[in-house]
Each structure stands twice: as C-alpha cells, then as structure tokens.
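Below is one structure, written out as structure tokens; the observations come after it.
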Amino acid sequence: MTTLLFKPVLAGLLAAGFLAAPLVQAADIKPRLIRFGYGLAEDSNQGRAVKVFADEVTKRSGGKLKVKGFASATLGNDVQMQNALIGGAQEMMVGSTATLVGVEKDFGVYDLPFLFSNEQEADKVLDGAFGQSLLTRLPAKGMVGLAYWENGFRNVTNTKRPITRFEDFQGIKLRVMQNPVYIEMFNSFGANAVPLAFAELFTALETRAVDGQENPVNTIQSSKFYEVQKYLSITKHVYSPWVVTVSKKWWDGLSRDEQKILQDAAVVSRAFERKDTRAEAMRSVSFLTQQGMQINKVSDAELKRMRDKAKPAFDRFAANGGGEVLKALQGALAQAR
Ligand code: TK8
C-alpha cells in the first residue's frame, strides 16, 4: 500500500525537480524576479545570450531566481537603463561600454579607433587584468559589472555612397553613440556626427533624419538596417564591447550564493555569446548582400589614413584625463599580442 502510493508521489517530485536540487536548497537563495533589459531585438545575438543567461540562472538557483528579458529597449535606451540600475529601479542590463562614459569616463578608452586587431586580442584584454580593473570602477558609481560580451567590430552603412576613404564621409549625417570619442572621430573624417540613442536609430534612418550609422554586421542584420541603408563599408574602426551590469543597490541585498549564481551565469553566457556572435558575423555579409546591400572592404592603406586622421581623438582623450587608462590599455594590448 505504502509503496503503491509512494511511487507516483516520488515520480511527481522528481519530475518537478524537487529531489534533483538538494544543493540548491541548502544555499541561501530567495525567490526573486530579475528584470534584464537590452537594446537589440529578441532575435539577435544579444537576445539569444540573455536567454542563455536566464536559463543558466534558473538552473543554478533551482528556479528561485527568475530572469525576465526585456528586448528592444522596452525598459529604456542604454543611458536610461544605466540610470535605472543606479537608482535601483531595474536589476540588470547589457549595453555598450560606449554609453557608460556618462557613468565612468575612462570606459571611453575602448572607443578610440583601430586599437584591437582581432577578437582574440579583445578577449584577452577584456577578461584580463585591464578589463577587469576597469569594471571595478563601477560599484562606486552604483553599478556592478559582471562580464564583457561581444558587440563586435563596427562598420559603416549609409544611403549616399560607399566609403572607400575618409574623404567619402564628407557631408554624411552619421548617427553615433552618445559618446564624445565617436563624435570627434567622425567629425575629424568630415562627417556630421549626430549622437542618438540606438532605440531611435531605425526611425531616424527610415525618415532620413540621418544618412548613416555604424555598428557590427550582426546588428545591421538583426535590426534590419538593410531595409533602409544601401551601402555597407567594412572599416572595423572600433571593437565594441558590451557589458553585463547589475544595480549595485539591488546587488548589495543579495546573498553570497545569489551573487555567485549571477556572476557564474554571466561568464557561461559570455562564452556562448562570443561563439554565437562570431559564427553569425561570418554569415551576415552574404545575408546582407542577398538583401541588396552594396558592400565594400576598405583597404588597409586607407584605414591607416583614417587612423592618422583620428589622432586628435587620442590626444583629446589623453588631455581630458584619459592618459593613464590609455597607456594601461596599450600596455595590455602589447602583452596580448
Ligand atoms: C544597443 C546598443 C548597440 C550599440 C549602439 O542598445 O548603440 O550602436 O552598438 O549595441 O548598445
């Protein structure tokens, strides 16, 4: 009789995962809902990685911590979300390091053009002492940085003409991120740089409020910029990191166990995200060609001319108090090579 009753109950418990998670039960984990905002579409490298992060957190917390992703800037654009994290109104986000300059201006060092020559170098510098020490600046500003994800090497699209040399930027209204290094860099090429939140970019391109923008090929695909942009010029002018951040106010209320789950899940999802992003980038160029974009690769000689032309951006960055962080990054890059 007992066994007859016990068996279905046991099976039910097992199916519900109750017996499978004794370790999780011993840990100090409370039921919590984590709102995780991001700017790109759900069907993007960013959205796919947020999903992996969410699943990983569920698994590691025995379902007590629930991550709800909010795609397409529905919780606000990058700058607004940063403020919400600092104020404690939102738990997590992933966004560009470039917009973090409003919080900690040394993050602008990543935006200086033609620093990283490939993804492996970026991984080493970001995951190594340099990148991690920059993250330790954040808690004093109200945020906690868990891991860098890859946004990727940025390229230029526009409706006017292919960019083959910096002179082709002349007169092009180019949307840039809200960051002084970008504004200065593209103005030095002769473009008219317009800082704008990513959330407003598609409409700005569609209505021709701006002529162009710059982003990795993955984003040009997932945000459907090919519908409103004709030319894609491969410049790889900046390697752009994303960073997964948490509200410091909220983080301080978590147990050690809970913090560790989020930290570990961020690192697991980082490995997935980079692999996924790189695989997608390999396919994106042919996808974008099929969509009718005209694509050109800018020659190394012309990229070098752009780099020289952007020199004032480096000088200004150093003069504005960024000299030390720039030197440290250059040192880390030399080591990574
Ligand atoms: C998404 C942004 C985007 C960035 C930009 O919210 O703004 O151009 O490249 O990825 O963070």
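At a glance:
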item	result
Residues of the stretch 53-81 that turn out to be part of a helix (DSSP H, G or I) and of a type in the set (S, T, N, Q), as a count	2
Sole residue being assigned to a helix (DSSP H, G or I), within 16 Å of the ligand (Cβ to nearest atom), within 21 Å of Ala332 (Cα to Cα) and open to solvent by less than 20 Å² (accessible area, probe 1.4 Å), chosen from Ala98, Ala147	Ala98
Residue that is farthest from the chain's Cα centre (by Cα), among those in the stretch 193-219 that are charged (D, E, K, R) and within 12 Å of the ligand (Cβ to nearest atom)	Glu200
Given (1) more than 11 Å from the ligand (Cβ to nearest atom); (2) crowded, with 17+ Cβ neighbours inside 10 Å, index of the condition Phe225 fails	(1)
Residue tally, condition in contact with a Lys or Arg (Cβ under 9 Å, 6 or more places away or on another chain) and either open to solvent by 20 Å² or more (accessible area, probe 1.4 Å) or within 16 Å of the ligand (Cβ to nearest atom) (or both), over the stretch 28-44	9
Residue list for the stretch 255-272, restricted to those being in contact (Cβ under 8 Å) with a residue 24 or more places away in the chain and either out of contact with any helix residue (DSSP H, G or I) (no Cβ under 6 Å at 6 or more places or on another chain) or of a type in the set (Asp, Glu) (or both)	Ser255, Arg256, Asp257, Glu258, Leu262, Gln263, Asp264, Ala266, Val267, Arg270
Residue ID - farthest from Val176 (Cα to Cα), chosen from residues in the stretch 240-254 that are within 16 Å of the ligand (Cβ to nearest atom) and not aliphatic (A, V, I, L, M)	Thr245
Helices (runs of 4 or more DSSP H) (entirely within the stretch 171-236) containing at least 1 residues that are farther than 22 Å from Asp315 by Cβ	201-206, 217-222
Neighbours by Cβ (under 6 Å, 6+ apart or cross-chain): first from the stretch 58-77, within 16 Å of the ligand (Cβ to nearest atom); second part of a strand (DSSP E or B)	Gly69/Phe36; Phe70/Gly37; Leu75/Gly37
Verdict on Thr245 being buried (at least 22 other Cβ atoms within 10 Å of the Cβ), of a type in the set (S, T, N, Q) and part of a helix (DSSP H, G or I)	no
Members of the stretch 166-192 that are within 16 Å of the ligand (Cβ to nearest atom) and farther than 23 Å from Asp106 by Cβ	Lys173, Leu174, Arg175, Ala191
Scan of the stretch 106-120 for residues that are open to solvent by 10 Å² or more (accessible area, probe 1.4 Å), assigned to a helix (DSSP H, G or I) and within 16 Å of Lys236 (Cα to Cα), ordered by number	Glu119, Gln120
Residues that are aliphatic (A, V, I, L, M), outside any strand (DSSP E or B) and more than 25 Å from Ser117 (Cα to Cα), drawn from the stretch 128-144	Leu138, Ala140
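Condition check ((1) of a type in the set (D, E, K, R); (2) touching a residue at least 60 places away in the same chain (Cβ under 8 Å); (3) open to solvent by less than 30 Å² (accessible area, probe 1.4 Å)) across all residues:
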| site | (1), (2), (3) |
| --- | --- |
| Arg274 | yes, yes, yes |
| Ala279 | no, no, no |
| Gln290 | no, no, no |
| Ile295 | no, yes, no |
| Pro312 | no, yes, no |
| Leu329 | no, yes, yes |
| Leu333 | no, yes, yes |
| Ala336 | no, yes, yes |
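The values are calculated or read from the model by the stated rules, or taken from the named source; none is laboratory data. No experiment lies behind these values; they were computed from the predicted model shown. Counting neighbours? That spans all protein chains shown, and the Cβs are built from the backbone with ideal geometry, glycine included. Only protein heavy atoms, including side chains, enter the accessible area calculation; ligands, DNA and RNA are left aside. Shrake-Rupley method; radii C 1.70, N 1.55, O 1.52, S 1.80 Å.
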